[in-house]
Amino acid sequence: MVKQEVIAIDGPAASGKSTVAKEVAQRIGAVYADSGALYRLVTWWLLAQGIDPEDHQAVRGALETLKIEAAVVEGRITYSTGDECPADALRTQRVNSAVSPVAANADVRHVVTAILQSLARFGMLVMEGRDIGTVVFPDAAFKFYLDASPEVRARRRFTDKDGNVDKAALEDVHKSLARRDVIDSSRKTAPLRIADDAAVIDTSDLDIEGVVKRILDTVASDIC
Ligand code: DC
């Protein structure tokens with residue numbers, strides 16, 4: 001079977017996927033694609049149209065008018081709806097709270113999955129997400145699943161460069177990550193799960209460089 005030219009990097013929120021995927025893509029000269037950003041863009045767009053993200057009927061109707069363009073800018077995929085999307089709009093609290101139900105909507109997943117699959121036209125991809133190795137590119141040449149406990153992931157988000165931890169924020173983030181894990185892994189369509197043929201990397205005791213090295217070693221040993 002011909003494998004797709006894709007390195008799929010899946011895992012729960014804050015497992016380090018983004019940093020690792022960007023670094024791997026840069027080092028091997030592949031294009032970096034963040035699939036979560038596309039779910040966020042669709043969520044932002046629905047909200048901008050005044051659509052209730054939990055109203056399935058309205059979301060389905062709106063999707064018929066949604067046009068998404070993708071391009072490669074400086075080695076990474078950027079998406080646009082044609083409407084002005086302010087910088088940082090995808091990471092606001094409003095989008096954060098609405099994105100899980102939008103990502104659980106089967107109509108949305110259908111549209112987003114097709115767009116993600118079409119990105120293969122840009123050449124070798126390093127794509128990060130939740131269902132890249134299981135649904136989007138089941139024949140990806142390489143599949144990795146990055147994991148770490150919710151405690152470790154929350155701590156990473158809230159440790160500053162001097163190693164200080166904001167304890168109250170930590171507790172909040174720990175709870176919210178655990179809640180997102182439950183939503184992402186229990187939804188009916190394309191839940192977060194480990195692909196049978198994925199290499200699982202527990203990143204709890206590894207720094208970014210350690211994880212990147214594991215991935216590059218696997219890729220290199222397979223190609224050589
Ligand atoms: O990785 P992120 O936090 O930017 O993802 C945003 C949301 O999209 C999150 O609820 C998980 C979901 N998502 C998904 O369901 N499937 C993907 N391939 C990527 C993200």
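Values for this structure:
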quantity	calculated
Rg in Å to one decimal, and Dmax rounded to a whole Å, for the range 1-78 via C-alpha atoms	15.7, 45
Residues Lys167 and Met124, FRET efficiency given R0 of 35 Å [Cβ-Cβ distance, rounded to 0.05]	0.25
Cα-based convex hull, the chain, per residue volume (Å³, whole number)	135
Hits among lysines - C-alpha to C-alpha of Lys22 under 24 Å, sequence gap 8 or more where chains match	Lys3, Lys143, Lys161, Lys213
Label point distance in nm, Val200-Val73, each placed 7 Å from Cα along Cα→Cβ	3.8
DSSP-defined antiparallel bridges as percent of all bridges, the chain, nearest 5	25
Relative contact order for the chain, counting Cα pairs under 8 Å that sit 6 or more residues apart, in percent	33
FRET efficiency for Gln26 and Ala89, using Cβ-Cβ distance with R0 set to 35 Å, rounded to 0.05	0.90
Contour minus Cα-Cα distance for Ile208 and Asn96 (0.36 nm per residue)	37.9 nm
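Since every read-out is calculated from the coordinates, none of them should be taken as a lab result. This one's a predicted model, so the numbers in the text were calculated from it and none came from an experiment. Here the Cβ is made from the backbone with ideal geometry for all residues, glycine too, and neighbour counts use every protein chain on show.
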